[in-house]
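Single-structure report; data block below.
The values are calculated or read from the model by the stated rules, or taken from the named source; none is laboratory data. Model, not experiment: these values are computed from the prediction. Cβ sites come from the backbone with ideal geometry, for glycine too, and all protein chains shown count toward neighbours. Accessible surface is based on the protein model in full, side chains and every heavy atom, while ligands, DNA and RNA are left aside. Shrake-Rupley method; radii C 1.70, N 1.55, O 1.52, S 1.80 Å.
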Amino acid sequence: MAVLINEQIKAFEVMLTGLNGEKIGVVSREEALALAKAAGADLVCTSLMSSPPPCSLTPKGKGKDKARQDAKTAGKGAPSHGGKSGNSGKSGEKVKELRFTAHIEEHDYDTKLRQADKLLRGGSAVQIVVKASGAKEGAAAKAVLERLLDDLKEAGRKESGIQTSGKGSQVKVNPL
């Protein structure tokens with residue numbers, strides 16, 4: 001995320017917020033810079049996605065910190081609609097993704113199996129993805145998934161059949 005401060009802002013007009021969070025309104029860039037200078041503050045713009053861009057007056061030198069903090073809080077509060085599809089109608093359901101390779105070492109398999117088991121017993125659905133580097137490894141990827149499903153049958157049940165593509169196989173497992 002780009003943070004623009006003072007003269008870096010090129011917009012002709014900005015939507016200005018004061019030092020104490022008060023809405024000042026749409027003002028020219030020059031007027032906003034003059035207000036910032038008079039208050040001994042920085043003019044900070046955190047988003048160029050709207051016109052006029054939202055800018056705020058922040059204490060000198062605190063501009064980048066505030067911008068990062070604003071971006072963090074904005075990201076947490078916004079509802080995410082771009083997540084995993086096929087959540088079986090439950091809006092708050094968490095789907096954790098675990099990735100495997102088609103030729104996984106036994107120790108790594110055991111570690112990820114324990115992780116999947118723990119997630120399922122904790123109530124989270126698990127999307128298991130087995131990557132295959134080529135079409136020839138597709139059968140090996142499917143075999144790893146079938147073995148996993150068999151090992152996890154006491155903790156979860158697959159939502160649908162195993163989906164296989166040229167890059168590997170995947171299946172969603174829901175907790176029991």
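In summary, strands (runs of 3 or more DSSP E) completely within segment 116-176 and bearing 1 or more residues that are surrounded by 14 or more Cβ atoms within 10 Å (Cβ to Cβ) and on the phi > 0 side of the Ramachandran plot occur at 168-175.
Taking first residues from segment 84-108 that are farther than 12 Å from V129 by Cα and partners that are modelled with pLDDT of 50 or more and part of a loop (DSSP other than H, G, I, E, B), the Cβ contacts under 6 Å between residues at least 6 apart in sequence or on separate chains come to N87/E93; K94/S124.
Quick one: how many residues across segment 32-61 are surrounded by fewer than 16 Cβ atoms within 10 Å (Cβ to Cβ) and closer than 10 Å to E13 by Cβ? Residues flagged as surrounded by fewer than 16 Cβ atoms within 10 Å (Cβ to Cβ) and closer than 10 Å to E13 by Cβ within segment 32-61 amount to 1.
Of all the residues in segment 1-33, those that are among the acidic types (D, E), out of contact with any helix residue (DSSP H, G or I) (no Cβ under 8 Å at 6 or more places or on another chain) and either closer than 11 Å to P52 by Cα or part of a loop (DSSP other than H, G, I, E, B) (or both) number 1. Restricting to segment 94-107, give me the number of residues that are over 16 Å from A155 (Cβ atoms) and within 26 Å of the chain's Cα centre (by Cα). Looking only at that region, the number is 4. When residues in segment 2-31 are screened for being open to solvent by 40 Å² or more (accessible area, probe 1.4 Å) and on the phi > 0 side of the Ramachandran plot, 1 of them pass.
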